[in-house]
There are 2 protein chains.
Amino acid sequence: MDQGTQKRRGRRAAGEDTKSALLAAAREVFVERGFDGATVRMIASRAGVDAAMVNHWFGSKEGLFAQAVLQVPIDPNELVRRLLDGPADEIGYRIVRTFLTIWDATGGGQFVALIRSVTSHEGVAKVLREVFLNTIFKQITTELGLDQSELRATVCATQMVGLGMVRYVVHFEPLASTPVETLVGMIGPTMQRYLTGPLA
Amino acid sequence: MDQGTQKRRGRRAAGEDTKSALLAAAREVFVERGFDGATVRMIASRAGVDAAMVNHWFGSKEGLFAQAVLQVPIDPNELVRRLLDGPADEIGYRIVRTFLTIWDATGGGQFVALIRSVTSHEGVAKVLREVFLNTIFKQITTELGLDQSELRATVCATQMVGLGMVRYVVHFEPLASTPVETLVGMIGPTMQRYLTGPLA
DNA sequence: TCTAGTTTTCAACAGATGTTGAATATGTGC
DNA sequence: GCACATATTCAACATCTGTTGAAAACTAGA
């Protein structure tokens, strides 16, 4: 038999960072299957290591999920600053463009993982609420000095969450393949009205 | 010991329809936990019967899910007819009002169950696409004789799916508690523009 | 080279899961 | 009443889950 394919025990050469390999594999599998659907053995297998490595490096499946998916990859304040930078009557367009650009870069990765884990995982709904709503939209609505800022923020959330769902999770065509700028032209006015327009 | 609480074997009195009890319990549990999160034992326990009844009456967990959640409770054609009945320049408002009214009646039940099962269950994304998109929105857009009917249909889907997500799944306040007619006034114009307005 | 420390695999665990076959108790038709 | 059909529970199954303790293999320093 081919001994080369056998897994060898013991410490490896310093280069093969298995911790990073696990994080990368975990992001993939959590995106595909959600927290419950993903198994420690799947993740370890894809990373090419034993399942026990998850507990060794991250303590538990939970710890791996927290480090792989639950942390926000970009600074929310920096994001809000970027969104507010420009004419106020075009902020709706900038929001759609910015989110789609960020999400498209990873195929919707983190967003999909969160959605797919809403059931299983405790912190997911909280993270969605905190980051997506409180940290971003509520900050924008208050910064712009709008009335009914909470309601405006949540209505904005409906449109953006739905956009992410349809484009990345359920893949409704042709929207899933529509260019970003086309969607900006269609959905931008909606966001603009939700933010600065009359609500009735 | 109290013999009354003991479970008795054998055929029961004709009145206690355990099949219906299982269906009702299944809807509850599938809504709360999704397909994977729900266990046969949970459902059976809530229905007050043994877990083996699921396989006896529905063949498998899969079969129970299909009959409890995956089937559409209302006739899509009837729904489309109802939505098209009225002035064309108010159909966006009617769509929002109709969906919210139907969903609110069950606390978003079926919608939540589908969303919570998107990961686990094969047919869920297909059902969402078929019913929600092809059967309803595409039918409306073509019936109204609009250009780019597919794209309009999917954009409408983003808004309605997102509305359902925020109101019933992640419960963002204050939107989750906002009266239907307020939301109709806010989101109705969006749907109207997605359907009959200019897209650029 | 010897020793200490760390990384990794291995083997096993305890619990939960969907499913199945048999035993049992109840109805129903004669 | 008696025989048959069936609804129901029970017990067990094989499998999969996350986790753990220990053994093994490797690296690094003295």
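The values are calculated or read from the model by the stated rules, or taken from the named source; none is laboratory data. It should be emphasised that the depicted structure is a prediction, and the values quoted were computed from it without experimental measurement. Here the Cβ positions follow ideal geometry from the backbone for every residue, glycine too, while neighbour counts run over all protein chains shown.
For the range B:60-73, the set of residues classified as near DNA strand C (Cβ under 7 Å from one of its atoms) and small (Gly, Ala, Ser) consists of B:SER60 only. Taking the criterion of being under 12 Å from B:THR158 (Cβ atoms) and at the interface with chain B (Cβ under 7 Å from one of its Cβ atoms), the residues of the range A:161-177 that qualify are A:VAL161, A:GLY162, A:LEU163, A:MET165, A:VAL166, A:VAL169, A:VAL170, A:PHE172, A:LEU175.
Among the residues making up the range A:78-119, a single one is at positive phi and at pLDDT 90 or above: A:GLY86. For the range B:131-152, the set of residues classified as facing another protein chain (nearest Cβ under 8 Å) and either more than 20 Å from B:VAL69 (Cβ to Cβ) or surrounded by 24 or more Cβ atoms within 10 Å (Cβ to Cβ) (or both) consists of B:GLU150, B:LEU151, listed by residue number. I'd like the residue in the range B:50-59 that is in a helix (DSSP H, G or I) and closer than 13 Å to B:ALA25 by Cα and, out of all such residues, is nearest to DNA strand C (Cβ to nearest atom). Once the filter is applied, the top-ranked residue is B:VAL54.
Do you know which residues across the range A:100-121 are assigned to a helix (DSSP H, G or I) and touching a residue at least 40 places away in the same chain (Cβ under 8 Å)? Before the answer, list the steps.
Taking the range A:100-121 and keeping what is assigned to a helix (DSSP H, G or I), we get A:100-105, A:109-116.
Of everything in the range A:100-121, those that are assigned to a helix (DSSP H, G or I) and touching a residue at least 40 places away in the same chain (Cβ under 8 Å) turn out to be A:LEU100, A:THR101, A:TRP103, A:ASP104, A:GLY109, A:GLN110, A:PHE111, A:VAL112, A:ALA113, A:LEU114, A:ILE115, A:ARG116.
Of all the residues in the range B:49-94, those that are within 16 Å of DNA strand D (Cβ to nearest atom) and of a type in the set (Gly, Ala, Ser) number 5. B:ASP147 passes every criterion in (1) modelled with pLDDT of 85 or more; (2) assigned to a helix (DSSP H, G or I) apart from (2). Just to be sure I understand the filter: pairs with C-beta atoms under 6 Å, separated by 6 or more residues or on different chains, first member in the range B:25-42 and more than 10 Å from chain A (Cβ to nearest Cβ) and in a helix (DSSP H, G or I), second member among the aliphatic types (A, V, I, L, M) and more than 16 Å from DNA strand D (Cβ to nearest atom). Which pairs pass? As it stands, the answer is B:ALA26/B:ALA68; B:ARG27/B:ALA68; B:PHE30/B:VAL69; B:PHE30/B:ALA113; B:VAL31/B:VAL112; B:VAL31/B:ALA113; B:MET42/B:VAL29, since those pairs meet every condition given. Among residues of the range A:184-200 being facing another protein chain (nearest Cβ under 8 Å) and modelled with pLDDT of 90 or more, the one that is nearest to B:LEU151 (Cα to Cα) is A:MET186.
Residue by residue, here is whether (1) more than 30 Å from A:VAL127 (Cβ to Cβ); (2) part of a helix (DSSP H, G or I); (3) hydrophobic (A, V, I, L, M, F, W, C) holds:
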{"position": "B:ASN134", "(1), (2), (3)": "yes, yes, no"}
{"position": "B:THR142", "(1), (2), (3)": "yes, yes, no"}
{"position": "B:VAL161", "(1), (2), (3)": "no, yes, yes"}
{"position": "B:MET165", "(1), (2), (3)": "no, yes, yes"}
{"position": "B:TYR168", "(1), (2), (3)": "no, yes, no"}
{"position": "B:PRO189", "(1), (2), (3)": "yes, yes, no"}
